[in-house]
Amino acid sequence: MRVVVVGGTGQLGRELVRALPGADTVALSRAQLDLSNAPAVAPRLAALAPSVVVNAAADNRVDAAEHDPAPALAVNALGVAALAEACRATDALLVHMSTDYVFDGRAARSYTEDDPPNPLGAYARSKLEGERLVQALAPRHAVVRVAGLYAAGGSGFVDRVLARARASRRLRVVHDQVTAPTWARDVATALARLLPRLVAGDAPGGIYHMTNAGACSWYEFACTALALAGVDAEIEPITSAELAAPAPRPAYSVLANTRLAASGEPPLRSWRDALAAYLAD
Ligand SMILES: NC(=O)c1ccc[n+]([C@@H]2O[C@H](COP(=O)([O-])OP(=O)(O)OC[C@H]3O[C@@H](n4cnc5c(N)ncnc54)[C@H](OP(=O)(O)O)[C@@H]3O)[C@@H](O)[C@H]2O)c1
(Lines give C-alpha, C1' and ligand atoms only; values in the text may rest on other atoms or scores of the structure.)
Protein backbone atom coordinates (compact mmCIF):
# COMPACT_ATOMS: atom_id res chain seq x y z
CA MET A 1 0.00 0.00 0.00
CA ARG A 2 1.69 3.20 -1.14
CA VAL A 3 0.41 6.15 0.90
CA VAL A 4 1.14 9.70 -0.23
CA VAL A 5 0.67 12.26 2.54
CA VAL A 6 0.10 15.74 1.13
CA GLY A 7 0.97 18.30 3.80
CA GLY A 8 3.40 15.78 5.26
CA THR A 9 5.25 18.51 7.19
CA GLY A 10 2.21 19.70 9.17
CA GLN A 11 1.04 18.64 12.64
CA LEU A 12 -1.08 15.75 11.40
CA GLY A 13 1.10 14.89 8.41
CA ARG A 14 4.17 14.31 10.58
CA GLU A 15 2.22 12.16 13.04
CA LEU A 16 0.69 10.13 10.23
CA VAL A 17 4.07 9.32 8.72
CA ARG A 18 5.15 8.21 12.20
CA ALA A 19 2.03 6.04 12.61
CA LEU A 20 2.57 4.20 9.31
CA PRO A 21 6.09 2.79 9.80
CA GLY A 22 5.59 -0.38 7.79
CA ALA A 23 3.79 1.25 4.88
CA ASP A 24 5.39 2.57 1.73
CA THR A 25 4.80 6.21 2.69
CA VAL A 26 5.76 9.34 0.77
CA ALA A 27 5.37 12.62 2.67
CA LEU A 28 5.16 15.74 0.51
CA SER A 29 5.95 19.23 1.77
CA ARG A 30 4.43 22.32 0.18
CA ALA A 31 7.68 22.79 -1.75
CA GLN A 32 7.26 19.30 -3.22
CA LEU A 33 3.56 19.69 -4.07
CA ASP A 34 1.93 23.11 -3.90
CA LEU A 35 -1.85 22.73 -4.00
CA SER A 36 -2.27 26.35 -5.04
CA ASN A 37 -0.58 25.33 -8.32
CA ALA A 38 -3.45 23.07 -9.44
CA PRO A 39 -2.01 22.06 -12.86
CA ALA A 40 1.06 20.60 -11.12
CA VAL A 41 -0.98 18.18 -9.02
CA ALA A 42 -1.96 15.45 -11.50
CA PRO A 43 1.51 14.82 -12.99
CA ARG A 44 3.10 14.78 -9.53
CA LEU A 45 0.63 12.20 -8.22
CA ALA A 46 0.68 10.08 -11.36
CA ALA A 47 4.45 9.76 -11.02
CA LEU A 48 4.08 8.48 -7.45
CA ALA A 49 1.32 5.94 -8.30
CA PRO A 50 -0.27 5.94 -4.81
CA SER A 51 -2.98 3.56 -3.67
CA VAL A 52 -4.00 6.09 -0.99
CA VAL A 53 -3.60 9.88 -0.84
CA VAL A 54 -4.13 11.54 2.53
CA ASN A 55 -4.62 15.27 2.20
CA ALA A 56 -3.38 16.76 5.47
CA ALA A 57 -2.48 20.04 3.77
CA ALA A 58 -4.53 23.15 4.33
CA ASP A 59 -4.32 26.90 4.49
CA ASN A 60 -5.33 27.12 8.16
CA ARG A 61 -5.04 30.90 8.56
CA VAL A 62 -8.60 31.28 9.82
CA ASP A 63 -8.49 35.01 10.54
CA ALA A 64 -6.44 36.00 7.48
CA ALA A 65 -9.05 34.35 5.24
CA GLU A 66 -11.68 36.88 6.40
CA HIS A 67 -9.70 39.74 4.85
CA ASP A 68 -8.64 37.79 1.75
CA PRO A 69 -10.37 34.45 1.11
CA ALA A 70 -8.51 33.76 -2.16
CA PRO A 71 -5.45 31.92 -0.74
CA ALA A 72 -7.63 29.62 1.43
CA LEU A 73 -9.91 28.88 -1.52
CA ALA A 74 -6.93 28.13 -3.76
CA VAL A 75 -5.50 25.52 -1.35
CA ASN A 76 -8.58 24.22 0.50
CA ALA A 77 -10.94 24.04 -2.48
CA LEU A 78 -9.33 24.44 -5.94
CA GLY A 79 -6.19 22.49 -5.02
CA VAL A 80 -8.37 19.81 -3.44
CA ALA A 81 -10.39 19.55 -6.66
CA ALA A 82 -7.16 18.92 -8.58
CA LEU A 83 -6.19 16.29 -6.01
CA ALA A 84 -9.60 14.61 -6.27
CA GLU A 85 -9.39 14.52 -10.08
CA ALA A 86 -5.87 13.09 -9.91
CA CYS A 87 -7.08 10.38 -7.52
CA ARG A 88 -9.94 9.51 -9.84
CA ALA A 89 -7.49 9.26 -12.76
CA THR A 90 -5.17 6.92 -10.84
CA ASP A 91 -7.98 5.05 -8.99
CA ALA A 92 -6.42 6.06 -5.65
CA LEU A 93 -8.44 6.37 -2.45
CA LEU A 94 -8.50 10.02 -1.28
CA VAL A 95 -8.67 10.60 2.48
CA HIS A 96 -9.31 14.29 2.93
CA MET A 97 -8.98 16.04 6.29
CA SER A 98 -11.57 18.63 7.27
CA THR A 99 -12.81 20.54 10.26
CA ASP A 100 -15.46 21.02 12.94
CA TYR A 101 -15.71 24.62 11.69
CA VAL A 102 -18.02 23.46 8.86
CA PHE A 103 -20.75 23.65 11.53
CA ASP A 104 -22.26 26.87 12.88
CA GLY A 105 -22.05 25.76 16.52
CA ARG A 106 -25.67 26.56 17.35
CA ALA A 107 -26.59 22.95 18.18
CA ALA A 108 -27.31 21.86 21.74
CA ARG A 109 -25.67 18.44 21.16
CA SER A 110 -22.61 17.07 19.40
CA TYR A 111 -22.72 17.03 15.61
CA THR A 112 -23.01 13.75 13.74
CA GLU A 113 -21.69 13.14 10.25
CA ASP A 114 -25.26 13.51 8.91
CA ASP A 115 -25.89 16.97 10.36
CA PRO A 116 -26.07 19.76 7.77
CA PRO A 117 -23.00 22.02 7.75
CA ASN A 118 -23.35 25.80 7.90
CA PRO A 119 -19.90 27.41 8.02
CA LEU A 120 -19.59 30.84 9.63
CA GLY A 121 -16.38 32.22 8.13
CA ALA A 122 -14.31 32.29 4.94
CA TYR A 123 -11.82 29.58 6.04
CA ALA A 124 -14.70 27.30 7.06
CA ARG A 125 -16.49 27.91 3.75
CA SER A 126 -13.30 27.01 1.85
CA LYS A 127 -13.02 23.75 3.83
CA LEU A 128 -16.67 22.84 3.18
CA GLU A 129 -16.16 23.59 -0.52
CA GLY A 130 -13.16 21.21 -0.43
CA GLU A 131 -15.31 18.48 1.14
CA ARG A 132 -17.97 18.89 -1.57
CA LEU A 133 -15.40 18.79 -4.36
CA VAL A 134 -13.93 15.57 -2.94
CA GLN A 135 -17.40 14.02 -2.75
CA ALA A 136 -18.21 15.11 -6.32
CA LEU A 137 -14.90 14.28 -8.01
CA ALA A 138 -13.22 11.39 -6.18
CA PRO A 139 -15.23 8.17 -6.50
CA ARG A 140 -13.20 6.52 -3.72
CA HIS A 141 -12.97 8.92 -0.79
CA ALA A 142 -13.29 9.53 2.93
CA VAL A 143 -13.67 12.99 4.47
CA VAL A 144 -12.30 12.99 8.02
CA ARG A 145 -13.25 15.95 10.21
CA VAL A 146 -11.04 16.73 13.19
CA ALA A 147 -11.04 19.58 15.74
CA GLY A 148 -8.65 21.63 17.85
CA LEU A 149 -5.56 19.76 16.65
CA TYR A 150 -2.27 20.08 18.51
CA ALA A 151 1.07 18.34 18.16
CA ALA A 152 4.70 18.84 18.99
CA GLY A 153 6.46 21.43 16.90
CA GLY A 154 5.52 24.73 18.43
CA SER A 155 2.56 25.96 16.38
CA GLY A 156 -0.33 24.18 18.17
CA PHE A 157 -2.51 25.69 20.90
CA VAL A 158 -0.88 23.81 23.80
CA ASP A 159 2.67 24.86 22.95
CA ARG A 160 1.56 28.46 22.34
CA VAL A 161 -0.26 28.62 25.69
CA LEU A 162 2.71 27.19 27.58
CA ALA A 163 5.17 29.52 25.83
CA ARG A 164 3.05 32.59 26.53
CA ALA A 165 2.47 31.60 30.15
CA ARG A 166 6.20 31.12 30.69
CA ALA A 167 6.96 34.44 29.01
CA SER A 168 4.35 36.72 30.59
CA ARG A 169 2.52 34.74 33.33
CA ARG A 170 -0.78 36.25 32.09
CA LEU A 171 -3.17 34.88 29.49
CA ARG A 172 -6.66 35.64 28.18
CA VAL A 173 -8.52 32.66 26.71
CA VAL A 174 -12.09 32.36 25.43
CA HIS A 175 -14.53 30.39 27.58
CA ASP A 176 -17.52 30.50 25.25
CA GLN A 177 -16.20 28.25 22.49
CA VAL A 178 -16.50 24.56 23.30
CA THR A 179 -14.80 21.83 21.26
CA ALA A 180 -12.99 18.51 21.61
CA PRO A 181 -9.27 19.37 21.53
CA THR A 182 -7.47 16.53 19.81
CA TRP A 183 -3.88 15.28 19.80
CA ALA A 184 -2.82 14.79 16.18
CA ARG A 185 -1.07 11.56 17.23
CA ASP A 186 -4.39 9.98 18.24
CA VAL A 187 -5.95 10.88 14.88
CA ALA A 188 -2.89 9.45 13.11
CA THR A 189 -3.16 6.20 15.08
CA ALA A 190 -6.88 5.89 14.30
CA LEU A 191 -6.27 6.70 10.63
CA ALA A 192 -3.49 4.11 10.41
CA ARG A 193 -6.01 1.48 11.58
CA LEU A 194 -8.78 2.71 9.28
CA LEU A 195 -6.79 3.22 6.04
CA PRO A 196 -6.24 -0.47 5.18
CA ARG A 197 -9.90 -1.18 5.92
CA LEU A 198 -11.02 1.67 3.63
CA VAL A 199 -8.70 0.40 0.89
CA ALA A 200 -10.03 -3.14 1.26
CA GLY A 201 -13.65 -1.94 1.27
CA ASP A 202 -14.04 -3.40 4.73
CA ALA A 203 -15.02 0.04 6.10
CA PRO A 204 -17.27 2.36 4.08
CA GLY A 205 -16.11 5.66 2.59
CA GLY A 206 -17.89 8.95 3.25
CA ILE A 207 -17.64 11.34 6.19
CA TYR A 208 -16.00 10.41 9.50
CA HIS A 209 -15.67 12.51 12.65
CA MET A 210 -12.43 11.74 14.52
CA THR A 211 -11.69 13.58 17.76
CA ASN A 212 -10.59 12.87 21.30
CA ALA A 213 -13.60 12.12 23.50
CA GLY A 214 -15.35 14.66 25.73
CA ALA A 215 -15.46 18.43 25.33
CA CYS A 216 -14.27 21.61 27.00
CA SER A 217 -13.88 25.32 26.41
CA TRP A 218 -10.53 26.67 25.24
CA TYR A 219 -10.26 28.29 28.68
CA GLU A 220 -10.69 24.95 30.46
CA PHE A 221 -8.25 23.36 28.03
CA ALA A 222 -5.62 26.03 28.71
CA CYS A 223 -6.11 25.76 32.50
CA THR A 224 -5.72 21.97 32.32
CA ALA A 225 -2.60 22.21 30.15
CA LEU A 226 -0.93 24.63 32.57
CA ALA A 227 -1.87 22.52 35.60
CA LEU A 228 -0.60 19.30 34.02
CA ALA A 229 2.62 21.01 32.90
CA GLY A 230 3.11 22.58 36.33
CA VAL A 231 3.30 26.10 34.88
CA ASP A 232 2.02 28.87 37.11
CA ALA A 233 0.15 31.64 35.30
CA GLU A 234 -2.95 33.78 35.64
CA ILE A 235 -5.61 32.96 33.04
CA GLU A 236 -8.48 35.33 32.47
CA PRO A 237 -11.60 33.79 30.89
CA ILE A 238 -12.91 36.10 28.17
CA THR A 239 -15.75 35.99 25.65
CA SER A 240 -15.36 35.72 21.89
CA ALA A 241 -16.80 39.24 21.68
CA GLU A 242 -14.02 40.52 23.94
CA LEU A 243 -11.38 38.74 21.87
CA ALA A 244 -12.89 40.21 18.69
CA ALA A 245 -11.04 37.89 16.32
CA PRO A 246 -11.69 38.72 12.64
CA ALA A 247 -13.24 35.30 11.87
CA PRO A 248 -16.41 34.10 13.60
CA ARG A 249 -16.03 30.66 15.18
CA PRO A 250 -18.67 28.12 16.24
CA ALA A 251 -19.67 28.33 19.92
CA TYR A 252 -20.14 24.55 20.19
CA SER A 253 -18.40 22.34 17.63
CA VAL A 254 -18.16 18.98 19.37
CA LEU A 255 -18.15 16.11 16.87
CA ALA A 256 -19.88 12.79 17.62
CA ASN A 257 -17.60 10.06 16.25
CA THR A 258 -20.65 8.05 15.18
CA ARG A 259 -19.38 6.41 12.00
CA LEU A 260 -16.07 5.41 13.52
CA ALA A 261 -17.97 3.50 16.21
CA ALA A 262 -20.36 2.02 13.64
CA SER A 263 -17.32 0.76 11.70
CA GLY A 264 -16.18 -1.17 14.77
CA GLU A 265 -13.20 1.08 15.46
CA PRO A 266 -12.25 1.92 19.07
CA PRO A 267 -13.03 5.44 20.28
CA LEU A 268 -10.19 7.92 20.73
CA ARG A 269 -9.31 8.46 24.41
CA SER A 270 -10.58 11.48 26.36
CA TRP A 271 -9.07 14.90 25.63
CA ARG A 272 -7.70 15.01 29.20
CA ASP A 273 -5.89 11.67 28.87
CA ALA A 274 -4.55 12.67 25.46
CA LEU A 275 -3.31 16.02 26.77
CA ALA A 276 -1.60 14.34 29.73
CA ALA A 277 0.07 11.84 27.39
CA TYR A 278 1.15 14.64 25.04
CA LEU A 279 2.75 16.61 27.86
CA ALA A 280 4.47 13.50 29.22
CA ASP A 281 5.79 12.57 25.75
N1 LIG B 1 -5.04 22.81 13.39
C2 LIG B 1 -6.30 22.67 13.82
O3 LIG B 1 -6.66 23.06 14.94
C4 LIG B 1 -7.32 22.01 12.93
C5 LIG B 1 -8.65 21.95 13.38
C6 LIG B 1 -9.60 21.32 12.58
C7 LIG B 1 -9.23 20.80 11.36
N8 LIG B 1 -7.94 20.88 10.95
C9 LIG B 1 -7.61 20.30 9.65
O10 LIG B 1 -6.72 19.23 9.86
C11 LIG B 1 -5.82 19.12 8.77
C12 LIG B 1 -4.38 19.12 9.27
O13 LIG B 1 -4.16 20.35 9.98
P14 LIG B 1 -2.76 20.64 10.70
O15 LIG B 1 -3.07 21.34 11.97
O16 LIG B 1 -1.91 19.43 10.70
O17 LIG B 1 -2.17 21.71 9.68
P18 LIG B 1 -0.74 22.45 9.75
O19 LIG B 1 0.07 21.97 10.89
O20 LIG B 1 -1.05 23.92 9.61
O21 LIG B 1 -0.03 21.95 8.42
C22 LIG B 1 -0.52 22.33 7.19
C23 LIG B 1 0.23 21.57 6.15
O24 LIG B 1 -0.28 22.01 4.90
C25 LIG B 1 0.83 22.37 4.09
N26 LIG B 1 0.42 23.40 3.14
C27 LIG B 1 0.03 24.67 3.39
N28 LIG B 1 -0.23 25.28 2.22
C29 LIG B 1 0.01 24.37 1.25
C30 LIG B 1 -0.05 24.40 -0.16
N31 LIG B 1 -0.37 25.54 -0.83
N32 LIG B 1 0.24 23.28 -0.85
C33 LIG B 1 0.62 22.15 -0.21
N34 LIG B 1 0.73 22.06 1.12
C35 LIG B 1 0.41 23.18 1.84
C36 LIG B 1 1.89 22.87 5.05
O37 LIG B 1 3.15 22.83 4.41
P38 LIG B 1 4.37 23.76 4.93
O39 LIG B 1 4.72 23.22 6.28
O40 LIG B 1 5.41 23.53 3.91
O41 LIG B 1 3.81 25.15 4.98
C42 LIG B 1 1.73 21.83 6.15
O43 LIG B 1 2.40 20.64 5.78
C44 LIG B 1 -6.19 20.27 7.82
O45 LIG B 1 -7.10 19.82 6.85
C46 LIG B 1 -6.90 21.25 8.72
O47 LIG B 1 -7.80 22.07 8.01
C48 LIG B 1 -6.97 21.47 11.70
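The values are calculated or read from the model by the stated rules, or taken from the named source; none is laboratory data. No experiment lies behind these values; they were computed from the predicted model shown. Note: ideal-geometry Cβ built from the backbone for every residue, glycine included; neighbour counts use all protein chains shown.
Summary of values
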{"read-out": "Within the range 21-60, tally of residues that are among the basic types (Lys, Arg) and closer than 19 Å to residue 191 by Cβ", "value": "0"}
{"read-out": "Residue count for the range 86-105, restricted to those that are within 12 Å of the ligand (Cβ to nearest atom) and either modelled with pLDDT under 95 or touching a Cys at 6+ places or on another chain (Cβ under 8 Å) (or both)", "value": "0"}
{"read-out": "Any chance residue 176 is of a type in the set (D, E, K, R) and more than 12 Å from the ligand (Cβ to nearest atom)", "value": "yes"}
{"read-out": "Qualifying residue in the range 109-124 (condition: more than 23 Å from residue 250 (Cβ to Cβ) and at pLDDT 95 or above)", "value": "no"}
{"read-out": "Candidate set: the range 40-85, residues that are away from the ligand (no atom under 12 Å from the Cβ) and among the acidic types (Asp, Glu); chosen: the one nearest to residue 16 (Cα to Cα)", "value": "85"}
{"read-out": "Residues located in the range 26-55, provided they are buried (at least 22 other Cβ atoms within 10 Å of the Cβ), touching a residue at least 40 places away in the same chain (Cβ under 8 Å) and in contact with a Lys or Arg (Cβ under 9 Å, 6 or more places away or on another chain)", "value": "50, 52"}
{"read-out": "Those helices (runs of 4 or more DSSP H) lying entirely in the range 1-93 with at least 1 residues under 16 Å from residue 138 (Cβ atoms)", "value": "41-48, 79-90"}
{"read-out": "Single residue of the range 106-156 satisfying the filter (in contact (Cβ under 8 Å) with a residue 24 or more places away in the chain, surrounded by 15 or more Cβ atoms within 10 Å (Cβ to Cβ) and charged (D, E, K, R)) that is farthest from the ligand (Cβ to nearest atom)", "value": "140"}
{"read-out": "Any hit, the range 176-183, residues being on the phi < 0 side of the Ramachandran plot, among the charged types (D, E, K, R), at pLDDT 95 or above and touching a helix residue (DSSP H, G or I) at 6+ places or on another chain (Cβ under 8 Å)", "value": "yes"}
{"read-out": "Only listed residue being basic (Lys, Arg) and within 14 Å of the ligand (Cβ to nearest atom), chosen from 193, 197, 185, 166", "value": "185"}
{"read-out": "Matching entry among 145, 166, 172 (being out of contact with any Asp or Glu (no Cβ under 8 Å at 6 or more places or on another chain) and of a type in the set (Lys, Arg))", "value": "166"}
{"read-out": "Some residue of the range 30-41 being over 18 Å from residue 84 (Cα atoms), at pLDDT 95 or above and not polar (S, T, N, Q)", "value": "yes"}
{"read-out": "Candidate set from the range 101-141 (those that are aromatic (Phe, Trp, Tyr) and not in a loop (DSSP other than H, G, I, E, B)); member that is farthest from residue 84 (Cα to Cα)", "value": "111"}
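To keep it simple, each residue is scored yes or no on (1) out of contact with any strand residue (DSSP E or B) (no Cβ under 9 Å at 6 or more places or on another chain); (2) under 21 Å from residue 62 (Cα atoms).
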residue	(1), (2)
192	yes, no
205	no, no
210	no, yes
218	no, yes
236	no, no
